[in-house]
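What follows is a short report on a single structure.
Read-outs throughout are calculated quantities, based only on the coordinates presented, and are distinct from any laboratory measurement. Remember, predicted model here, so these are calculated numbers, not experimental data. Glycine also receives a Cβ, built like all others from the backbone with ideal geometry; neighbour counts cover every protein chain displayed.
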Amino acid sequence: MLWLILVLILIIGIFVLQGLRQIPADPPHVGLLTFLGKPVVSDFFNYFSILSHGWHFLPLYPWLFGFILIDIRPINKDLPPQEVMTPDRARLTAPIKYTIRPDYSSPQSLMQFVLNGKEPGVIAQLDDIIEERTREWFSASEEGPQTWEEAIKSQGEAVAALLKAILGSELPAVPSAIPTAILLKYFCKPQKRPTKGESLKWGQNWEKVKTELSVLPTEEQERIEVAVEKRRQAIADIRQGQGTFRKSCLGVFLVRINLGKIATVGKLAEKASLEVEEEQERIGEIKEMKHLQERIKELVAIGFTNEAALEIFQTERSKVSKTISESKWNISPETRAMIEKLAPELLKQFFNKSGGE
């Protein structure tokens, strides 16, 4: 009888130990419950379908119950610099960084993440979307920057375009036929001025935007402005790494998108560098001229002439140097004796002549 009890205890112990499984907490993971090898994705079993970190009892693991282990840490991706071309045929490079994290709020979301190949598969799809949209946006004549000068200052607008491309209909829409990029500038405080290309279509001071909005009811105008401000906040959040935008078909949250320094390539890079240097020199010359005017006024006020004040300023700025030169000659004894003998007579004649005149 005793041995039967011992055997029963042994069998129960083996059964319990065989079913105990741990979901790691460092690094953080969750498990998607499986039954007979199939994920348990059902509204009725939602609470039990996602196994949080810690110990769990899964009877007859892995034949009856099991789990798919999923790493839920944020996934950071740095894309290599994307070579793009603006409508003015300028070649640029645009480095892009983004962050996602698996959506483990429901077993359905985790299942989408698994079906899309987990991290490698999801990253590959997002890379394709981002690369294609980046090239398209920079080269389009009806949107985006029209020149390389506009392009190197367009990180925020590019992030807005990528956010819309990735999320699609899951990003709350702005209820207006006017492009959202235009409305973001129009409703900005202080209002941003249109670029050269935008001014041709929308007016130097957004006159056409004002006209189109003015024909709408006040309530609709307010609704558009509220939607634009929400989009602006969404862009700010995604650039700061605080995004919580769900991409349901991939089972992830989009947390961050950033564009690094947009740089020119080839001969254009040399041209851009030269223009920057020339602009800095011009600014420096303007500052120096203002200082010159102020300094000359100060010196004239205390009695110097304009010419003297300018000379003093140039001397202070090391533009003109003043030196005292001292020269020494070596004279032979014979010559010195002759000079000493003739000098009194010459000086006497010189002063007598001057007095006579």
- For region 164-245, run through the GluC sites (Glu not before Pro) and keep only the ones in DSSP coil with at most 15 other Cβ atoms within 10 Å of their Cβ. none
- Message: Whole-Hz ³J(HN,Hα) for each residue in region 228-244, computed from phi via Karplus 6.51 cos²θ - 1.76 cosθ + 1.60 with θ = phi - 60°, x for glycine and proline: what do you get?
- Response: 5, 5, 5, 5, 4, 5, 4, 5, 4, 5, 5, 6, 9, x, 10, x, 9
- Task: Would you calculate the separation in nanometres between label points at Arg91 and Ile5, each defined as 7 Å from the Cα along the Cα-to-beta-carbon direction?
- Result: 8.6
- Item | Descending Cα extents along the principal axes, region 127-191, whole Å | 33, 32, 18
- Computed lengthening from Ser199 to Val300, 0.36 nm per intervening residue step minus Cα-Cα distance: 31.6 nm
- A correct Stokes-Einstein calculation for region 19-71, using the alpha-carbon Kirkwood radius, 4 °C and 1.567 mPa s, returns a whole-number D in µm² s⁻¹ of 118
- Give, as a single signed number, the net charge of other residues whose beta carbon lies under 12 Å from the beta carbon of Gly197, with Lys and Arg counted +1 and Asp and Glu -1. -4
- Give me the Debye-computed log₁₀ of I(q)/I(0) at q = 0.10, 0.17, 0.19 Å⁻¹ for region 91-236, equal point scatterers on Cα only, no solvent, two decimals. -0.44, -1.05, -1.21
- Query: With a sphere of radius 9 Å drawn around the Cβ of Phe253, what net charge do the other residues whose Cβ falls strictly inside it have (Lys, Arg +1; Asp, Glu -1)?
  - Reply: +2
- If only Cα atoms are counted, what is the Rg of region 1-103, and what is its Dmax, in Å? 23.9, 93
- Message: Given Cα positions, please report Rg to Rh for region 72-131, the hydrodynamic radius being the Kirkwood one.
- Response: 1.14
- Message: Suppose R0 equals 25 Å. What FRET efficiency, 1/(1 + (r/R0)^6) with r the Cβ-Cβ distance, do Ser42 and Arg246 give to the nearest 0.05?
- Response: 0.75
- Query: Once you list every other residue whose beta carbon is under 14 Å from the beta carbon of Leu167, what net charge do they have if Lys and Arg are +1 and Asp and Glu are -1?
  - Reply: +4
